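Single-structure report; data block below.
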Amino acid sequence: MGTHITRKAVSAAVATLSILGLAGCGGSATSGTASTITLFDSKVEIVDSLKALAKEYKKEKGVTVEVWGTTGDDYITQLKTKLTNQTTGPNIFMTGGGQEGDTLKSYMADLTNAPFTKYIAKNKAYEVGGKVFGMPAAVEGYGLIVNTGLVSASKVSTQSDFISMLKQAKADGKYTGFELSQESYFLIGHMLNTAFSMQSNPKQFVADVVSGKVKLQNVKEFKELGTIYEAIRANTNNPLQINYDKEIGDLMTGKTASVNQGMWINTMISSDYKDSAAKLQMVPFPLDGNDKLAVGVPLYWHVNGTKSTAEQKASIDFLNWLVTSKTGQDYIVNKFQFIPAMTNIKVDESKMDVLAQAVYKASNSGDNIPWVYQYWPSGIADTYLVGTAQSFFTDKAMTGQQLMTKLSEDFVTAGVKR
């Protein structure tokens, strides 16, 4: 789903929910005047379901929706090429928001007054200048996932408690208190995002860090993050020797008590660890008083604003039908297996796994922190940040403060080269 995670985790995120079942649904939409519209899908995992959905829409509304699938991993490159042709470009397309969305903003129709906008969960629309330009396709989330069979969630509710737990687990020698893994976002990206998301204006804060105006090592939350990284290095296994599969395996077999991961791990759990005795609970990562899960939107739907008024209306009608009709909602929840980012789509929480439940509740309540890394310089995690984090775990003399200093320099360097 998200562009930040490993290919295996991307596949896991798509299938992360078991069949949920709708608990309620809305009304239907009115089709537009255009008889045919096109939709360019970025998610190969749902293209067949989208084509089936288009047939249902044709039956109900008489409007043809041609679904185009992507080839390879270069959807955005393909999309940019298609959008330059106003005649043959898609009517509906997808982006991951953030810088990706900002780059293509000129092609997006204003959806502020679209009938479905009122249902978008708090802070989950793609907005620019106070106007809505993208409808969220789904939400995903992550936090500290704890095996409560080993450690009570109450023992990790504050930063000091978390660090004490790490030290105690090391002293006892029965299991490690926490594990990171070697992949870029699992080693540094998600942890760093928490500190960024705690700023009063995260997007502006990123810009100030990239410009060099603000230095991470001078900001309280990042100082505390440096302290946490020192505690992780001193009291847990070396993450450079642990990959995603091992990290989740260690969690489910009682070798570690907690990981900083997301709802997407349920796919591996349900296939490889069905008989595990681990009792999982997702709680906020307790950095400097943080009490919220990180919930974000991996993909947004957009309407091509360069098309005719009739085609734009038909496109908006389709998206409205998708999220308000019984048929559309059924596809979102049961065929696409998405956690809805729309408050009018109700799901049977009893059929969700506990991790998905936590994310769903946090999304609908609006009580969550954002994914700020969508506004980081493109590719920074893989090109710069992971190398700096690797150096920290290799060089035991490097302090947490020095880690933050180097990460801050990475943002400046990546900003210059983007």
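The values are calculated or read from the model by the stated rules, or taken from the named source; none is laboratory data. All values derive from a computational prediction rather than experimental measurement. We place every Cβ from the backbone using ideal geometry, glycine too, and count neighbours over all the protein chains shown.
Scan the stretch 190-205 for residues that are buried (at least 21 other Cβ atoms within 10 Å of the Cβ) and under 30 Å from I248 (Cβ atoms) and jot them down.
H190, L192, N193, T194, A195, F196, S197, M198 - these are the residues of the stretch 190-205 that are buried (at least 21 other Cβ atoms within 10 Å of the Cβ) and under 30 Å from I248 (Cβ atoms).
Looking at (1) touching an Asp or Glu at 6+ places or on another chain (Cβ under 7 Å); (2) in a helix (DSSP H, G or I), which is the only condition S181 fails?
The failed condition is (2).
Of everything in the stretch 58-71 that's in a helix (DSSP H, G or I) and touching a residue at least 12 places away in the same chain (Cβ under 8 Å), which residue is surrounded by the most Cβ atoms within 10 Å (Cβ to Cβ)?
Only one residue tops the list, namely K61.
Among the residues of the stretch 74-116, write down those that are surrounded by fewer than 18 Cβ atoms within 10 Å (Cβ to Cβ) and among the hydroxyl-bearing types (S, T, Y).
Result: T77, T81, T84, T87, T88, T103, S106, T112.
Of the conditions (1) out of contact with any Leu (no Cβ under 8 Å at 6 or more places or on another chain); (2) surrounded by fewer than 17 Cβ atoms within 10 Å (Cβ to Cβ), K351 satisfies every one except a single condition; which number is it?
The one condition K351 does not meet is (1).
Got a number for residues in the stretch 377-411 being surrounded by fewer than 16 Cβ atoms within 10 Å (Cβ to Cβ), modelled with pLDDT under 95, of a type outside the set (D, E) and part of a helix (DSSP H, G or I)?
Of the residues in the stretch 377-411, 1 are surrounded by fewer than 16 Cβ atoms within 10 Å (Cβ to Cβ), modelled with pLDDT under 95, of a type outside the set (D, E) and part of a helix (DSSP H, G or I).
How many of the residues in the stretch 342-369 are in a loop (DSSP other than H, G, I, E, B) and over 18 Å from G143 (Cα atoms)?
Result for the stretch 342-369: 4.
When you look at A234, is it part of a loop (DSSP other than H, G, I, E, B), more than 16 Å from I369 (Cα to Cα), of a type in the set (A, V, I, L, M, F, W, C) and in the same structural domain as A397 (by TED's automatic domain parsing), yes or no?
Criteria not met by A234.
Just give me the residues in the stretch 77-92 being out of contact with any Asp or Glu (no Cβ under 6 Å at 6 or more places or on another chain) and either part of a helix (DSSP H, G or I) or touching a residue at least 60 places away in the same chain (Cβ under 8 Å) (or both), in sequence order.
T77, Q78, L79, K80, T81, K82, L83, Q86, G89, P90, I92
Could you check how many residues of the stretch 279-321 are of a type in the set (G, A, S) and within 11 Å of G143 (Cβ to Cβ)?
1
Here is a list: W371, W376. Which entry is touching a residue at least 40 places away in the same chain (Cβ under 8 Å) and in contact with an Asp or Glu (Cβ under 9 Å, 6 or more places away or on another chain)?
W371
Collect the residues in the stretch 42-57 that are modelled with pLDDT of 95 or more, over 15 Å from V333 (Cα atoms) and surrounded by 15 or more Cβ atoms within 10 Å (Cβ to Cβ), keeping them in residue-number order.
Within the stretch 42-57, K51, A54, E56, Y57 meet the criteria.
Determine, yes or no, whether N304 is touching a residue at least 24 places away in the same chain (Cβ under 8 Å) and assigned by TED's automatic domain parsing to the domain that holds I188.
No.
Which ones in the stretch 48-103 are under 22 Å from V139 (Cα atoms) and of a type in the set (G, A, S)?
The answer is S49, G69, G96, G97, G98, G101.
Can you name the condition, by its number, that T176 falls short on among (1) touching a strand residue (DSSP E or B) at 6+ places or on another chain (Cβ under 8 Å); (2) outside the structural domain of K223 (by TED's automatic domain parsing)?
Looking at each condition in turn, T176 falls short on (2).
Of (1) surrounded by 21 or more Cβ atoms within 10 Å (Cβ to Cβ); (2) touching a Ser or Thr at 6+ places or on another chain (Cβ under 8 Å); (3) farther than 30 Å from V416 by Cα, L225 satisfies all except one. Which?
Unmet condition: (3).
Among the residues of the stretch 128-138, are any touching a Leu at 6+ places or on another chain (Cβ under 9 Å) and part of a helix (DSSP H, G or I)?
No, every residue in the stretch 128-138 fails to be touching a Leu at 6+ places or on another chain (Cβ under 9 Å) and part of a helix (DSSP H, G or I).
Taking the options K246, K274, name whichever one is of a type in the set (K, R) and assigned to a loop (DSSP other than H, G, I, E, B).
K274
Would you be able to say whether some residue in the stretch 97-119 is in contact with a Leu (Cβ under 9 Å, 6 or more places away or on another chain), more than 18 Å from I339 (Cα to Cα) and in a strand (DSSP E or B)?
No - not one qualifying residue is present in the stretch 97-119.
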